[in-house]
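Asks: Just dropping this structure here.
The values are calculated or read from the model by the stated rules, or taken from the named source; none is laboratory data. Small disclaimer: the values here were computed from a predicted structure and weren't measured. Backbone-built Cβ (ideal geometry, glycine too); neighbour counts: all protein chains shown. Accessible surface areas use protein heavy atoms only, side chains included; no ligands, DNA or RNA. Shrake-Rupley method; radii C 1.70, N 1.55, O 1.52, S 1.80 Å.
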Protein chains: 2
Amino acid sequence: MECVPNFSEGRDKAKIEKIADAFRGKTSVKLLDYSADADHNRMVVTVVGEPQALKNAVLEAIGIAVKTIDLTKHEGQHPRMGAVDVVPFIPIREVTMEEAIALSKEVAQEAAERYGLPMFLYEKAASGPGRENLSVIRKGEFEGLAEKMQKPEWKPDFGPAQPHPTAGATVIGARMPLVAYNVNLNTDNLEIADKISKVVRHIGGGLRFCKAMGVELTDRGIVQVSMNLTDYTKTSIYRAHELVRIEAARWGVTIAGSEVIGLVPMQALVDVAEYYLGIENFSPAQVLESNLME
Amino acid sequence: MECVPNFSEGRDKAKIEKIADAFRGKTSVKLLDYSADADHNRMVVTVVGEPQALKNAVLEAIGIAVKTIDLTKHEGQHPRMGAVDVVPFIPIREVTMEEAIALSKEVAQEAAERYGLPMFLYEKAASGPGRENLSVIRKGEFEGLAEKMQKPEWKPDFGPAQPHPTAGATVIGARMPLVAYNVNLNTDNLEIADKISKVVRHIGGGLRFCKAMGVELTDRGIVQVSMNLTDYTKTSIYRAHELVRIEAARWGVTIAGSEVIGLVPMQALVDVAEYYLGIENFSPAQVLESNLME
């Protein structure tokens, strides 16, 4: 099982390491990657493990984040409503989506009890169709959470009916592997990145499995279209990339480069190579490493 | 470590299976592929494994081939000078070229002792600059070997100074993984594919690790530039592709598509994706599968 928890701390190295420590030196748990972004003020951890061992490590990390991160003093470009903002479990290799859903509910219940944290189930673990989408649950962010949770339809799935005073609330669930892909633009005009984001993403009439928003990279003086591709088998990286390029051209803007954040399934990159080279009849079994893993 | 031994038997199914059996059911050794060609009268095995386990399996296969293949009665279209014709070791994942060279020398020494087989080191394991190239060592083939080996400059690196009576001699060493990459052109004019091949390949002033030739695809009515990229880390697929495209444009010809033949290391395709998307700061460790394999 894989888990990619997002914590609302991207600047304080000591806190970042403390959270990462929860995934280190544990039997049957492997910390694959963690990266913190100061502009986003957010940390993304990628960890794999046996379900029960992974559950314990995630609960430990949630405890540390709830204790050390104070959302009343938090600012960053990435939307967030909790110290532990979102905790997706992702079935990989020999575990099913059903097991990922069950595990997310176990962690949600336990975290609510231990830390007094409201927990909202989302995606495949959602308790109803109106609660599948992360951005819908998170709308209003931490600052609007107390008011939002007064509405009966925003009662959490586990935990208290009001936000944790400093840690807000957490969205948790199960989903397919996600590709976090950002395209950097040769402009410092955030409005252009926003406009492009709005048309390439699903809700704006764009690609079915694409979420997008404009982000400012202040240290570089440029902006980016920051995307989450929620099913790379249907909305591939190259298609999102080319669509951003086409839309950017409309504003006289070119692509400066791009970033893949965190882990990416091999096939998502192989699809890119196949497209640009026009490779005919390629089989994933031709990748040397795919043979080594069987 | 990967090994792609070539054996001079492409017709007798029983002998072919007996050689393949040396790579089956062994701990830490995996037979990825083997194919026999009756015209070439030759068998190519692709096998990966932990270095020491792989060494033992390769030595066993060499023993079987020396015992069962009689070069005095062998004919086929492919040049050959031994029952075990050529044995390249290829470093993949976490092993270095130095380890591949060392392993090839261990196998060479042991095979010479066990089977009385002269062994010539080639490519990265070669004992001198005149002995790097397979076709130079193999020139004269099995039939000319006894006379060739009388010359002091053709003393083998290990084993007796004359050919094994029925198994000849073996070329063994270490090389980089090879990528077989063909670019199809929207023309039936073989002359254009030949002209492009001659300028993109190393000997014609082209890319350092590129061999190329024009090939006719008669059933499709098109031609292709058929390439071997002998070091994809230095001559990448996209560079070869783009160079063919540029040269084809000179003749008013466009690219119809391309083909990857056989196995390709994951990194060779990741490099392509990185280039076309302009991905910044990508680490191979970000590929999910590379983490799961450790």
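Asks: Give the residue, chosen from A:GLU280, A:GLU259, A:GLU247, that is facing chain B (nearest Cβ under 7 Å), touching a residue at least 24 places away in the same chain (Cβ under 8 Å) and not β-branched (Val, Ile, Thr). Can you show your working first?
Replies: Details: A:GLU280 fails: touching a residue at least 24 places away in the same chain (Cβ under 8 Å); A:GLU247 fails: facing chain B (nearest Cβ under 7 Å).
Result: A:GLU259 is the single residue among A:GLU280, A:GLU259, A:GLU247 that is facing chain B (nearest Cβ under 7 Å), touching a residue at least 24 places away in the same chain (Cβ under 8 Å) and not β-branched (Val, Ile, Thr).
Asks: Restricting to segment B:278-294, count the residues that are polar (S, T, N, Q), open to solvent by less than 40 Å² (accessible area, probe 1.4 Å) and within 28 Å of the chain's Cα centre (by Cα). Give the steps one after another, and end with the answer.
Replies: Initial filter on segment B:278-294 (polar (S, T, N, Q)): B:281, B:283, B:286, B:290-291.
Subsequent filtering for residues that are open to solvent by less than 40 Å² (accessible area, probe 1.4 Å) retains B:286, B:290-291.
After this cut, where a residue has to be within 28 Å of the chain's Cα centre (by Cα) as well, the list is B:290-291.
Of the residues in that region, 2 qualify.
Asks: Scan segment A:264-277 residue by residue and report those that are open to solvent by 20 Å² or more (accessible area, probe 1.4 Å) and either facing chain B (nearest Cβ under 7 Å) or at positive phi (or both).
Replies: Within segment A:264-277, the first condition is being open to solvent by 20 Å² or more (accessible area, probe 1.4 Å), and the residues that meet it are A:267, A:271, A:274-276.
Across segment A:264-277, the qualifying residue is only A:TYR276.
Asks: Here's a follow-up. Hey, among the residues in segment A:246-263 that are among the small types (Gly, Ala, Ser) and not in a helix (DSSP H, G or I), which one's surrounded by the fewest Cβ atoms within 10 Å (Cβ to Cβ)?
Replies: From segment A:246-263, those among the small types (Gly, Ala, Ser) are A:248-249, A:252, A:256-258, A:262; that's our starting set.
After this cut, where a residue has to be not in a helix (DSSP H, G or I) as well, the list is A:252, A:256-258, A:262.
Working: A:GLY252: 9, A:ALA256: 18, A:GLY257: 16, A:SER258: 23, A:GLY262: 17.
Result: A:GLY252.
Asks: Also, quick follow-up: Just to be sure, is A:ALA111 under 21 Å from A:ILE62 (Cα atoms), assigned to a helix (DSSP H, G or I) and open to solvent by 20 Å² or more (accessible area, probe 1.4 Å)? So that I can check it myself, show each step before the final result.
Replies: Working: under 21 Å from A:ILE62 (Cα atoms): yes; assigned to a helix (DSSP H, G or I): yes; open to solvent by 20 Å² or more (accessible area, probe 1.4 Å): no.
Considered against the rule, which asks whether it is under 21 Å from A:ILE62 (Cα atoms), assigned to a helix (DSSP H, G or I) and open to solvent by 20 Å² or more (accessible area, probe 1.4 Å), A:ALA111 comes out as no.
Asks: Still on this model: Is it the case that B:LEU185 is touching a residue at least 24 places away in the same chain (Cβ under 8 Å), over 30 Å from A:ALA240 (Cα atoms) and touching a strand residue (DSSP E or B) at 6+ places or on another chain (Cβ under 9 Å)?
Replies: Details: touching a residue at least 24 places away in the same chain (Cβ under 8 Å): yes; over 30 Å from A:ALA240 (Cα atoms): no; touching a strand residue (DSSP E or B) at 6+ places or on another chain (Cβ under 9 Å): yes.
Criteria not met by B:LEU185.
Asks: Related question: If A:LEU31 passes every condition in (1) open to solvent by less than 20 Å² (accessible area, probe 1.4 Å); (2) farther than 17 Å from A:GLY173 by Cβ; (3) within 14 Å of another protein chain (Cβ to nearest Cβ); (4) assigned to a strand (DSSP E or B) but one, which one does it miss?
Replies: Condition not satisfied by A:LEU31: (1).
Asks: Residue by residue through segment B:116-144, note down the ones that are more than 20 Å from B:ALA174 (Cα to Cα) and buried (at least 21 other Cβ atoms within 10 Å of the Cβ). Outline the logic, then answer.
Replies: Start the filter on segment B:116-144 by keeping residues that are more than 20 Å from B:ALA174 (Cα to Cα), which leaves B:116, B:140-144.
If the condition is that a residue be more than 20 Å from B:ALA174 (Cα to Cα) and buried (at least 21 other Cβ atoms within 10 Å of the Cβ), then B:PHE142 is the only one that fits.
Asks: Of everything in segment B:179-209, what is over 17 Å from B:GLY252 (Cβ atoms), open to solvent by 60 Å² or more (accessible area, probe 1.4 Å) and touching an Asp or Glu at 6+ places or on another chain (Cβ under 9 Å)? Give them in sequence order.
Replies: Kept after step one, since they are over 17 Å from B:GLY252 (Cβ atoms), are these residues of segment B:179-209: B:179-182, B:197-198, B:200-209.
Checking which are open to solvent by 60 Å² or more (accessible area, probe 1.4 Å) leaves us with B:198, B:202-203, B:205, B:208.
Correct list: B:ARG208 only.
Asks: Can you pull out every residue in segment A:153-203 that is touching a helix residue (DSSP H, G or I) at 6+ places or on another chain (Cβ under 7 Å) and basic (Lys, Arg)?
Replies: Answer for segment A:153-203, where residues must be touching a helix residue (DSSP H, G or I) at 6+ places or on another chain (Cβ under 7 Å) and basic (Lys, Arg): just A:LYS198.
Asks: Continuing with this model, one more query. Name the residue that is nearest to the chain's Cα centre (by Cα), counting only residues in segment A:64-77 that are buried (at least 18 other Cβ atoms within 10 Å of the Cβ) and in a loop (DSSP other than H, G, I, E, B).
Replies: In this case the residue turns out to be A:GLN77.
Asks: Can you name the condition, by its number, that B:GLU99 falls short on among (1) surrounded by fewer than 18 Cβ atoms within 10 Å (Cβ to Cβ); (2) among the acidic types (Asp, Glu); (3) out of contact with any Pro (no Cβ under 7 Å at 6 or more places or on another chain); (4) closer than 20 Å to B:GLY173 by Cα?
Replies: If we test B:GLU99 against (1) surrounded by fewer than 18 Cβ atoms within 10 Å (Cβ to Cβ); (2) among the acidic types (Asp, Glu); (3) out of contact with any Pro (no Cβ under 7 Å at 6 or more places or on another chain); (4) closer than 20 Å to B:GLY173 by Cα, just (3) comes out false.
Asks: Out of A:THR235, A:THR230, A:THR187, A:THR254, I need the residue that is polar (S, T, N, Q), over 18 Å from the mean Cα position of the chain (by Cα) and away from chain B (no Cβ under 11 Å). Which one? Before the answer, list the steps.
Replies: Working: A:THR235 fails: over 18 Å from the mean Cα position of the chain (by Cα); A:THR230 fails: over 18 Å from the mean Cα position of the chain (by Cα); A:THR254 fails: away from chain B (no Cβ under 11 Å).
Going through A:THR235, A:THR230, A:THR187, A:THR254 in turn, the sole match is A:THR187.
Asks: Among (1) farther than 30 Å from B:VAL48 by Cα; (2) within 10 Å of chain B (Cβ to nearest Cβ); (3) free of Cβ contacts under 8 Å to residues at least 60 places away in the same chain, where does A:GLY206 come up short?
Replies: All conditions are met except number (2).
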